[in-house]
Amino acid sequence: MKTWARVKALFHRKQLERDLEEELEFHLAMREEKKRARGIAATEAKYAARREFGNTMRVKEICREMWSFRSLETFWRDLRYGARALEKNPGFTMTAVLAIALGIGVNTGIFSVLNGAALRLLPIPRASQVVSVDQIFHGKIRRNVHGEGSLFSYPEYQEYREHNHVFSGLLAYEPFLQATLGGANPQQLFGAATSCNYFEVLGVRPAEGRAFLDTDCSGPGSNAVVVLSNNLWRTTFHEDPAVLGESVVLNRSRFTVIGIAPPGFGGTEPVPSAFWAPVTMQQALEPERDFLGDANMSWLGLLGRVKDGVSLREVRADLGVIAGRIDQQHAGRTTTLAIHAATFLGRPEERQFVFTIGGVILVAVGLVLLIACANVANLLLARASARQREIAIRLSIGASRWQLIRQLLTESLLIALLGGAAGSLLAFWSFEAITQFVLAHLPHGFPQLALNMSPDYGVLGYSMGLTVMTGLVFGLVPALNATRPDLSTAIKEDNLGVAGSSGFLRSTLVGLQIAVCMILLIAAGLLMRGLYSAQTIDPGFEMANVTEAAFDLGSEGYSEERANAFQESMMARAASLPGVDAVAEGSEAPLSDNHSGTGFLLPGETEGRQMEFNRVSPGFFSLLGIPIVRGRDFTAGEARAGAAEIIVTESTARTLWRGQEAIGKVLRESGGAERVVIGVVKDAQVSHLGETDRVYAYLPAGPKEQARMILLVHSAGGYESVAKGIREAAHALDPELVVDVTKLEDNLEIWRTPSRIVAALSGALGTLALLLASIGVYGVVSYGVSRRIREIGIRMTLGADGKDVMGLLLRQAMRPVLIGAAAGVAGCAAVSQILSKVLYGIGSHDPIAFIGVPVFLLAIALLASYIPARRATRVDPVVALRYE
């Protein structure tokens, strides 16, 4: 009741004040009347009544405490005082708010991207009830993997589905399934093969038609039905309702359309699915593979909807029993289940990658915010020094130190809230557009991602928490420093007594700014150097005038014989095109970021090694201009027979047979087959840009590999005519085949684009950090000079000239800058190794970046110090002696 009365009092405060005043007057009047009744004079009765009643102001305070929330009122009073104080200093307020807005804005923007990529729940009804289930294996195991190792086999899925007690439904799906939609204009699509309870578990109803029934998954290949995405229905089928019940062709197999997904639904992966087919139709969609019956194959993701009232702990315990039962069938294997709220990029491998990259970027933008906090803290220190007489007087007349700290912190929080609001609005407005622009300009062949970057409660909570923490970080130290002055000195307005501690703090903050700025700028310098290297690097093979043509014959249902016939005809037709002077095959295009590897043994060794390889046809090396330094190339007969020869790179030969001739040496594959080295080729960056020292080899492209070979065509003519000729040749052989024809040079963009994005981001952060740090140095030197005008006047009156004063000021200003710069260089040297993957041949301790950037930063800091110092030397000594 007391709390409710206080709540009501908030809305009737004026009435309560009037009632209190009237009641006090009534009590005083009654006491005065009694005094007069006893014969006391009116004036004396009035004073006697007041003395007897006591301090009316104290009574009012007690009553107000009874009907009000004292802490709330105190906070409101501090808030109004802080707002008035900031309003009176618009220059200071705008500068501080802008610095915080920039820092919080970039932090909130980056977090919104991370949230959209990996933290936001799936866009489905009651998404909080849906969890992803992944498995992590321990012990020595041998497992087949299609996609990621944490996925499940179909028999494992059936075991978890049938025997769990915690899910109302458990679904399985094969993500990133590629298929060719046949027709007049064949096109490559991403889709998913799913269990037939997929839409039921997700709570998604088709906009047209129906979802899958249990009978659609009654057995392998039993029911060729498909649900199309709303986007595919609109763009390809022009929203024709008659498509329901009709058949479409996916990878040469006919599927009957039974439903159209609702608008905006693209599945459970960041790459939107264009179709969904029953998982039992897997072999029809991927003719060269049969995964359904393989109990040791990782290929299915699992999502489960948790029953009401069941906790995640119970889910883990229940599924752990099933995992243990499955492990008993595999000696030496132990399985740990990773169970999390279902999000995009939620599997362990994806989460580790996203959170590692996201963590590094958040640390970088956090450093920018730290510079901004140091800047504002310096402004507050300077402002507190100017207010020390006011603070001293308030302390002298009874204000507690905690009251003043609370009030100063309230001002800091107001600045942080204003800056946080402005920065968050800027981030929400700009980062989604920036992200969509970046996603739209990804390299050729990179799937388009559908990420929702709009703010949700998680982003808003992050922004608010960061804002409050920022206000405390930059406000606490100045508040503590400002509330412990020498009272007698401060009241006399002699600030020399307090200059020492606040001056040391300001210098420390400047050193911190420079150290952090140095780390960001050197990182940006390294990344810019890496980008330049990626743009100008010679990969060691010829890319100009080479056209790449890729076609997935395996998924199109080609047999080994048919694939051989197609490739032979395709090579002959391509070789006959005008201007073409060389044609070759490879299982991996150079720098395509597709990699194949195998285990192998050297004679006499028992521990296996890993080797990356490419299967190539004769003429592959001459087409790309990769010299054979010793030995010979494969022959046409060896390629047709799939012979047991191998060609290695120079670095591989040095690594495996140091000081010995590699020709004639034997390598044994993990399967037992032996291969004889017939040639050594010059090192080239065919696998990873900037790397030539990997163990790498070339195997002959035999008949069994033809279904997945790509075609390389060298021509002196223009790309457009060659590309058109290749497409026409392929369509003449197979009109329904999708052919991806690109310039081989475009593969460089796979490596340049990440470098370009990271370099642009780091460059922007480094520039922002440099701007904030320069403003900080300038502000501190300017303030220090303004507080020393009288001292400077005395020095110049006693005979010091402008150069002496200038040297003194610059030495004192640059001391914390040099200390901070040294700390920043050491810090960046310690962490720069994490950037090595995008430096492409530039060392992580590149001397140009580690020398050029510090010199540049010190020059900027010297300029920022010189301007106010130069102004100080031009002060008239007479005017300076009158200062203050």
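Which of the listed residues, Gly608, Trp657, Met709, is farthest toward the dipole's positive end in the range 546-749, when Lys, Arg count +1 and Asp, Glu count -1 at the beta-carbon?
Checking the options against the dipole of the range 546-749, the answer is Trp657.
Using 0.36 nm times the number of residues separating Ala760 and Ala644, minus their current alpha carbon distance, what extension gain do you get?
37.0 nm
What 222 nm value per residue comes from the helices of the chain, counting each DSSP H run with n ≥ 4 as -39,500 (n - 2.57) and dividing by all residues, nearest 500 deg cm²/dmol?
-17500 deg cm²/dmol
Show me 85-94, 730-739 ranked by packing, highest mean number of other Cβ atoms within 10 Å first.
So the order, starting with the most tightly packed, is 730-739, 85-94.
Which net charge results when you count Lys and Arg as +1 and Asp and Glu as -1 among the other residues whose beta-carbon is under 11 Å from that of Asn545?
-2
So how far, in whole Å, is the C-alpha centre of the range 627-658 from the one of the range 726-802?
45 Å
Place +1 on the Cβ of every Lys and Arg and -1 on the Cβ of every Asp and Glu in the chain, take the dipole about the Cα centre, and give the residue among Leu818, Pro443, Phe353 whose Cα lies farthest towards its positive end.
Of the options given, the answer is Leu818.
Consider the candidate values (1) 1.11; (2) 1.03; (3) 1.06; state which one is Rg/Rh (Cα atoms, Kirkwood Rh) computed from the structure displayed.
(1)
Using alpha carbons only, how many degrees (0 to 90, rounded to 10) separate the axis of helix 560-575 from the longest principal axis of the chain?
It is inclined by approximately 80 degrees.
May I ask you to list the GluC sites (Glu not before Pro) in the range 348-433 that are in a DSSP loop and have at most 12 other Cβ atoms within 10 Å of their Cβ?
none
Round to the nearest 10 and give me the degree value, 0 to 90, for the angle of helix 401-440's Cα axis relative to the longest principal axis of the chain.
30 degrees
Compute the angle between helix 312-327 and the longest alpha-carbon principal axis of the chain, please, reported from 0 to 90 degrees and rounded to the nearest 10.
Once rounded, one gets 20 degrees.
Can you give me the relative contact order of the range 127-342 as a percent, contacts being Cα pairs under 8 Å and 6 or more apart?
38 percent.
Please give the peptides 254-262, 623-631 ranked by average Cβ packing (other Cβ atoms within 10 Å per residue), highest first, as a rough proxy for protection.
With the highest mean Cβ count within 10 Å placed first, the list reads 254-262, 623-631.
Where does each of 142-155, 682-695, 186-199 land if you order them by average Cβ count within 10 Å, highest first?
186-199, 682-695, 142-155
Ala224: net charge of surrounding residues, Cβ under 10 Å, Lys/Arg +1, Asp/Glu -1, itself excluded?
Charge balance in the 10 Å sphere: 0.
Within the set of other residues whose C-beta is less than 11 Å from the C-beta of Met611, count the net charge using Lys and Arg as +1 and Asp and Glu as -1.
Net charge around Met611: +1.
Readers should treat all values here as calculations from the given coordinates under stated rules, not as data from a laboratory. Predicted, not measured: the structure shown is a model, and the values here were computed from it. FYI the Cβ positions are ideal-geometry reconstructions off the backbone, even for glycines, and counts take in every protein chain you see.
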